[in-house]
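Input: a single structure, listed below in structure tokens.
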Amino acid sequence: MQKEKPYKVKLSIMPFWSPLTPPMGIACLKSYLEQNGYSVRTKDYNAISSLFDFGGRYIALMKSYTPVDRMGNIAMVGYDVLMAHLIAYNNRDDFSLNDYHELVRQLILNNFFYEATDEAIENLCELVEQFYALLAEYLINDIKEKDFDVYGISCYSLTLGPSIFAFKFVKKYFPEVKTVMGGGIFADQFNSNSLELETFARKATYIDYFLLGEGEIILLNLLESNFKNVPRIIVSDKTVKKVCLDDIPLPDFSDFDMNSYPQLVAYSSRSCPFQCGFCSETVQWGKYRNKREEKVVFELRSLTKKYGKNIIVLTDSLLNPNIDKLADALLEVPPEERFYWDTYLRVCDMAEDMEKVKKWRKAGLYRVRLGIESGSQHVLDLMDKRITIEKIKSNLQNLADAGLKISTFWVVGFPGETKEDFHETLDLLREIKDNLYEVDPHPFYFYPSGQVDSESWEKIYGYESIYEDKYNEMLMCTYYKLNCQPCREEIYRRLELFRERCEECNIPNPYSLIDIYHADKRWKKLHKAAVPMLNDLIHSGSAIVDEYRDSIVLR
Amino acid sequence: MEMERKGIIEVLAAIFPNQTIDIGDDDSFIDKLGMDSISFVSYVIGIESKFDIEVPDEYSLPSKLDTLNKTYDLLGRERG
Ligand code: B12
Ligand code: SF4
């Protein structure tokens, strides 16, 4: 038995990060630190419906003011506005009310390209105010006992505003507590080489330490150092040992109410062996590593047994390198214990082979999340994506024939994407609509560092801030755009055309569980072999009906 | 209204079998019954099949359909 260590640690994640699965990052840190003798409590504020609901209410309110032809992908871009608004709220006292309102107007203007009315802005601000009042109530309740010495938050770009609020709050009442920020936000926006991180760290005096990248070892080292002689920004870079995935304990979900999450979560690898230009996975995780298949299978079986759930989201950046071996190992799981898994995959040669796809399906593959990115070969080549349109089509056909749900991600307005390129994307959508379970388009985002191609874009095109300096101060960081074609307004116009095409083709982009329910109904109608609906999986316990899976006979 | 109330209570009772559904017209299912995003989906599906309607998108947030009164409004709207 380890001797108990001097620090008690509290780790949280703030809204708005959909509670589709329990948060993996802090569950991994909890088990790792506890194995090393620390006592750790974790909390997910997204699991509190009344708090999380505010995100949807904000989007619904914004939708009610947005002209139909400016809507774009509001379910997603709306969160970009909300995210920035939530950050600015924390700093509004340092500016005039007029500046604060003007910033919200600018956010809407630069994301939806229309001038919002005073009434719209006041009502959106009022909602944000209500959200923070409720968050404060929950925070007081959670910290009043002061049963911790170190307060950490796992932060994504979408959760930055409420994370700032919580850090400030904790520091105000307990200045002696050490505050630590980690999480996916450091993959791109606050990458270790970025000016953004430096600027943010300078302003965020209530955050004592910033831990970038894989967190287990650097957080443990920080605690073991007793906070003596350590820099404020610590990076898990090449000089830091990486954890051996076979040796670390299972993530610990024991503090979460697992009934509030429809799916479980696990992983079999970290990082990715590819290097697509716009992506930051390899920047975040470094060298690609995976677990032994037996360990993964053991974990998946233990999780499903322990929590009585039968669907697991794999958080691997990409499963292609392991999928086939993993499927072989999962075929050995006894039928009464069977479950489903959901993963990121890349268009590949393996999926050209229907026998392989059927094997994955038989082994429980449920949904694939594929980065299609564009329907133009020219753009795919610019991205160094190393896939062809023909292969996209044939992969999708096989996956859909096996009834797998196919979620696809698209980048609109990649630097150099011409009108013709974009129209090829629209044409492709129409052509393959019945093989698309879900389509999630994103405008191209640029970060001066943190993407594989950041530096070369910077050299070729140059870039500028989207907002004026005054607003960047309020947002505590700068959001940039490249000086290239398509320009920002054109990117968002294309996003709108993209949405219209999806609407015309009846291809959904489900975000909430209820959207997923409707999307599942459509998928079932389109594909005889369709996997069970998520809602049925959630409520069926071990009695899952899946005739197609049962009927597959492998050669 | 009585028929509707009875139908809604039946839907709720199936979702929360261990609770007595003693609920006022404006009581929130979230506060009173602990409705979360998962049970909310069951609620929408239950209402759709019980009353043979399609719940439109704008009701897809728990806070938009978390009381008897809000559900009566929806039924009134969808059933004309
Ligand atoms: C699974 C996944 C999803 C799933 C599930 C998300 C969910 N809501 O549960 C889906 C497909 C739905 C999804 C959606 C999106 N995702 Co996503 N997703 C991931 C993915 C692949 C895995 C996340 C994960 O659990 N990783 C495993 C855990 C162990 O890693 P971790 O949380 O980062 O934690 C480690 C470290 O960061 C650190 N750490 C974490 N917290 C803390 C705290 C402290 C105090 C310390 C010291 C350290 C520390 O230690 C941990 C262990 O090493 C990551 C990429 C990746 N491979 O991580 C992207 C990622 C998190 N997603 C990302 C994005 C942008 C999105 C979307 C916004 C995309 C979009 N535009 O629609 C949406 C929004 C989702 C939402 N509204 O909730 C970005 C976030 C970048 C950012 N700047 O915030 C990431 C990093 C991908 C990327 N590189 O671009 N996503
Ligand atoms: S986009 Fe996918 S395949 Fe490309 S580097 Fe990122 S995770 Fe790997």
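The values are calculated or read from the model by the stated rules, or taken from the named source; none is laboratory data. Since this is a predicted model, take the numbers as computed values, not measurements. Reconstructed Cβ throughout: ideal geometry from the backbone, glycine too, with neighbour counts over all protein chains shown. Ligands, DNA and RNA are stripped out before the accessible areas are found, and what is left, the full protein with its side chains, is counted by its heavy atoms. Shrake-Rupley method; radii C 1.70, N 1.55, O 1.52, S 1.80 Å.
So the check is Cβ under 9 Å with 6+ separation or different chains; which pairs have a first residue in segment A:282-298 that's touching a residue at least 60 places away in the same chain (Cβ under 8 Å) and a second one that's more than 12 Å from ligand 1 (Cβ to nearest atom) and not charged (D, E, K, R)?
From segment A:282-298, the pairs are A:THR282/A:PRO273; A:THR282/A:PHE274; A:THR282/A:GLN275; A:VAL283/A:SER192; A:VAL283/A:SER449.
A:LEU475 is checked against (1) open to solvent by 50 Å² or more (accessible area, probe 1.4 Å); (2) closer than 30 Å to A:ARG92 by Cα and fails just one. What number does that condition carry?
(1) is the only condition that A:LEU475 fails.
What are the pairs with Cβ atoms under 8 angstrom where one residue, in segment A:173-202, is without any contact (Cβ under 8 Å) to a residue 40 or more places away in the chain and within 19 Å of A:PRO231 (Cβ to Cβ) and the other, located anywhere, is assigned to a loop (DSSP other than H, G, I, E, B) and of a type in the set (Lys, Arg)? Sequence gap at least six, or different chains.
So the pair list comes out as A:ALA201/A:ARG232.
How many of the residues making up segment B:1-58 are part of a loop (DSSP other than H, G, I, E, B) and among the polar types (S, T, N, Q)? Give the derivation first.
Our first condition is that a residue be part of a loop (DSSP other than H, G, I, E, B); within segment B:1-58, this holds for B:1, B:16-28, B:34-36, B:52-56.
Filter once more, so that each one left must be among the polar types (S, T, N, Q): B:18-20, B:28.
Adding up the residues that qualify gives 4.
Give the residues of segment B:6-21 that are surrounded by 18 or more Cβ atoms within 10 Å (Cβ to Cβ) and among the β-branched types (Val, Ile, Thr), sorted by residue number.
Those that are surrounded by 18 or more Cβ atoms within 10 Å (Cβ to Cβ) and among the β-branched types (Val, Ile, Thr): B:ILE8, B:VAL11, B:ILE15.
Among residues belonging to segment A:149-200 that are more than 13 Å from ligand 1 (Cβ to nearest atom), assigned to a loop (DSSP other than H, G, I, E, B) and of a type in the set (D, E, K, R), point out the one that is surrounded by the fewest Cβ atoms within 10 Å (Cβ to Cβ).
So, considering only residues that are more than 13 Å from ligand 1 (Cβ to nearest atom), assigned to a loop (DSSP other than H, G, I, E, B) and of a type in the set (D, E, K, R), the one surrounded by the fewest Cβ atoms within 10 Å (Cβ to Cβ) is A:GLU176.
State whether the residues of segment A:385-401 include one that is under 29 Å from A:THR304 (Cα atoms) and open to solvent by 40 Å² or more (accessible area, probe 1.4 Å). Let's see the steps before the verdict.
Step one: list which residues in segment A:385-401 are under 29 Å from A:THR304 (Cα atoms), which gives A:396, A:398-401.
Retained after the next criterion (residues that are open to solvent by 40 Å² or more (accessible area, probe 1.4 Å)): A:401.
Yes; the residues of segment A:385-401 include at least one that is under 29 Å from A:THR304 (Cα atoms) and open to solvent by 40 Å² or more (accessible area, probe 1.4 Å).
Pick from segment A:332-346 the residues that are in contact with a strand residue (DSSP E or B) (Cβ under 8 Å, 6 or more places away or on another chain) and open to solvent by less than 30 Å² (accessible area, probe 1.4 Å): which of them is nearest to ligand 2 (Cβ to nearest atom)? Spell out how you get there, then give the answer.
Kept after step one, since they are in contact with a strand residue (DSSP E or B) (Cβ under 8 Å, 6 or more places away or on another chain), are these residues of segment A:332-346: A:339-346.
Remaining after also requiring open to solvent by less than 30 Å² (accessible area, probe 1.4 Å): A:339-343, A:345-346.
Details: A:PHE339: 24, A:TYR340: 22, A:TRP341: 17, A:ASP342: 16, A:THR343: 11, A:LEU345: 9, A:ARG346: 5 Å.
Step by step, filter segment A:332-346, then rank; the result is A:ARG346.
How many of the residues making up segment A:517-535 are away from every other protein chain (no Cβ under 14 Å) and open to solvent by less than 50 Å² (accessible area, probe 1.4 Å)?
The total comes to 6.
Of all residues in segment A:36-73, count the ones that are open to solvent by less than 20 Å² (accessible area, probe 1.4 Å), within 29 Å of A:TRP410 (Cα to Cα) and more than 23 Å from the chain's Cα centre (by Cα).
1
Applying the selection to segment A:244-281, what residues are near ligand 1 (Cβ under 10 Å from one of its atoms), open to solvent by less than 10 Å² (accessible area, probe 1.4 Å) and under 23 Å from A:SER39 (Cα atoms)?
The answer is A:VAL265, A:ALA266.
Residue by residue through segment A:86-106, note down the ones that are open to solvent by 60 Å² or more (accessible area, probe 1.4 Å) and either free of Cβ contacts under 8 Å to residues at least 12 places away in the same chain or not assigned by TED's automatic domain parsing to the domain that holds A:PRO162 (or both).
Listed by number, the residues that qualify are A:ASP93, A:LEU97, A:ASN98.
Taking the residues in segment A:347-366 that are away from ligand 2 (no atom under 16 Å from the Cβ) and aliphatic (A, V, I, L, M) as candidates, determine which candidate is most open to solvent (accessible area, probe 1.4 Å). Steps first, please.
To start, the set of residues in segment A:347-366 that are away from ligand 2 (no atom under 16 Å from the Cβ) comprises A:352-366.
Subset that is aliphatic (A, V, I, L, M): A:354, A:357, A:363, A:365.
Working: A:MET354: 49, A:VAL357: 0, A:ALA363: 4, A:LEU365: 0 Å².
This residue is A:MET354.
For residues in segment A:282-296 being buried (at least 21 other Cβ atoms within 10 Å of the Cβ) and within 13 Å of ligand 2 (Cβ to nearest atom), which is farthest from A:ASP536 (Cα to Cα)?
Only one residue tops the list, namely A:VAL283.
I want to confirm something. Restricting to segment A:402-425 and keeping residues that are of a type in the set (A, V, I, L, M, F, W, C) and open to solvent by 10 Å² or more (accessible area, probe 1.4 Å), which single residue is farthest from ligand 1 (Cβ to nearest atom)? Before you say what the answer is, go through the steps one by one.
Here is the first cut: in segment A:402-425, the ones of a type in the set (A, V, I, L, M, F, W, C) are A:402, A:404, A:406, A:409-412, A:414, A:422.
Keeping just the survivors that are open to solvent by 10 Å² or more (accessible area, probe 1.4 Å) gives A:409, A:411.
On the way: A:PHE409: 8, A:VAL411: 10 Å.
My answer is A:VAL411.
Identify, please: which residue in segment A:310-329 is more than 16 Å from ligand 2 (Cβ to nearest atom) and assigned to a helix (DSSP H, G or I) and is, among those, nearest to A:ASN395 (Cα to Cα)? Steps first, please.
Going residue by residue through segment A:310-329, those that are more than 16 Å from ligand 2 (Cβ to nearest atom) are A:310-312, A:324-329.
Pick out the ones that are also assigned to a helix (DSSP H, G or I) and you get A:324-329.
Details: A:ASP324: 15, A:LYS325: 19, A:LEU326: 19, A:ALA327: 18, A:ASP328: 20, A:ALA329: 23 Å.
Per the criteria, the residue is A:ASP324.
Read through the list (1) open to solvent by 30 Å² or more (accessible area, probe 1.4 Å); (2) within 15 Å of ligand 2 (Cβ to nearest atom); (3) hydroxyl-bearing (Ser, Thr, Tyr), then give the number of the only condition that A:TYR307 fails.
Among (1) open to solvent by 30 Å² or more (accessible area, probe 1.4 Å); (2) within 15 Å of ligand 2 (Cβ to nearest atom); (3) hydroxyl-bearing (Ser, Thr, Tyr), A:TYR307 violates only (2).
Quick one: which residue in A:LEU51, A:LEU33 is in a helix (DSSP H, G or I), within 14 Å of another protein chain (Cβ to nearest Cβ) and more than 8 Å from ligand 1 (Cβ to nearest atom)? Let's see the steps before the verdict.
Details: A:LEU33 fails: within 14 Å of another protein chain (Cβ to nearest Cβ).
Unique residue meeting the criteria: A:LEU51.
Could you tell me how many of the residues in segment B:22-58 are open to solvent by 60 Å² or more (accessible area, probe 1.4 Å) and away from chain A (no Cβ under 13 Å)? Step through it out loud before you land on a result.
Keep residues of segment B:22-58 that are open to solvent by 60 Å² or more (accessible area, probe 1.4 Å), which gives B:22, B:25-26, B:31-32, B:49-50, B:52, B:54, B:57-58.
Now drop any that are not away from chain A (no Cβ under 13 Å), which leaves B:22, B:25-26, B:50, B:52.
Count: 5.
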